[in-house]
Amino acid sequence: MSNLCKNTNTLETLLAKQDISEVLISYAIGIDRGDAEALGNVFWPDAECNYGTYSGPPGQFVAHVMKSIPLFNMTMHSITNIFIEIAGTHARSQAYFNAYHGFADAPPIFVGGRYLDRFENRDGQWRIAYRRFVLDWHAGAKSDEDFPVAASRRAKGGRKPDDLWYGSF
């Protein structure tokens, strides 16, 4: 189901892709600024969020994030390499991220991975209906025990055909 390098862009499709890209960027702003409203607005209320250590509705995920924010003196999530496939009122995307997590009294943790999302357009608005967090790498933690996402519960990236992008995630 991948249209990599195939030009299927109409003006309507390009506008939808821009709207979805802005949702992805709003997620990073919500996380980094500790803005629960901005973060919550990227998801449909009935969405499912699967981050490995958390799987469930977005409201509980946002509450968890807001409790975790004080652990860091700074975070910065950069969203890159956004790839979006549109199919009517549904879309899926793969967006790479690099995230810095700074601590006041410990070395920072750097994280890189992807957000695999399914979007739905309801009443002219695109939001995330399903998110799967994929961790491709991390640095700064001495071991998986030092890293806040438990190794046994997170999805790891891989090569085709084993990577989640090539399945139904």
Pick from segment 28-49, criterion in contact with a strand residue (DSSP E or B) (Cβ under 6 Å, 6 or more places away or on another chain) and closer than 18 Å to LYS67 by Cα, ranking: surrounded by the fewest Cβ atoms within 10 Å (Cβ to Cβ) | ASP32
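Table: residues versus (1) surrounded by fewer than 18 Cβ atoms within 10 Å (Cβ to Cβ); (2) at pLDDT 95 or above.
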| residue | (1), (2) |
| --- | --- |
| SER93 | no, yes |
| GLY113 | no, no |
| LEU116 | no, yes |
| GLU120 | yes, yes |
| ARG127 | no, yes |
| ASP136 | yes, no |
In this structure, does HIS101 turn out to be surrounded by 14 or more Cβ atoms within 10 Å (Cβ to Cβ) and touching a Pro at 6+ places or on another chain (Cβ under 7 Å)?
-> yes
Could you list, in sequence order, the residues of segment 69-79 that are over 15 Å from TYR27 (Cβ atoms) and either surrounded by 14 or more Cβ atoms within 10 Å (Cβ to Cβ) or in contact with a Gly (Cβ under 9 Å, 6 or more places away or on another chain) (or both)?
-> PRO70, PHE72, ASN73, MET74
Scan segment 131-142 and report the pairs whose first residue is closer than 22 Å to ALA106 by Cα and whose second residue is in a loop (DSSP other than H, G, I, E, B) and modelled with pLDDT under 90, with Cβ atoms within less than 6 Å and a gap of 6+ or a chain change.
-> LEU135/ARG154; HIS138/PHE147; GLY140/PRO107; ALA141/PHE147
How many residues does segment 17-54 contain that are within 19 Å of TYR130 (Cβ to Cβ), in contact (Cβ under 8 Å) with a residue 12 or more places away in the chain, among the charged types (D, E, K, R) and out of contact with any Pro (no Cβ under 9 Å at 6 or more places or on another chain)?
-> 2
Hey, does segment 40-61 have a residue that's hydroxyl-bearing (Ser, Thr, Tyr), part of a strand (DSSP E or B), out of contact with any helix residue (DSSP H, G or I) (no Cβ under 8 Å at 6 or more places or on another chain) and modelled with pLDDT under 95?
-> yes
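The values are calculated or read from the model by the stated rules, or taken from the named source; none is laboratory data. Treat the numbers as computed from the prediction; the structure is a model and nothing was measured. Every residue, glycine as well, gets a Cβ built from its backbone with ideal geometry; the counts of neighbours run over all protein chains shown.
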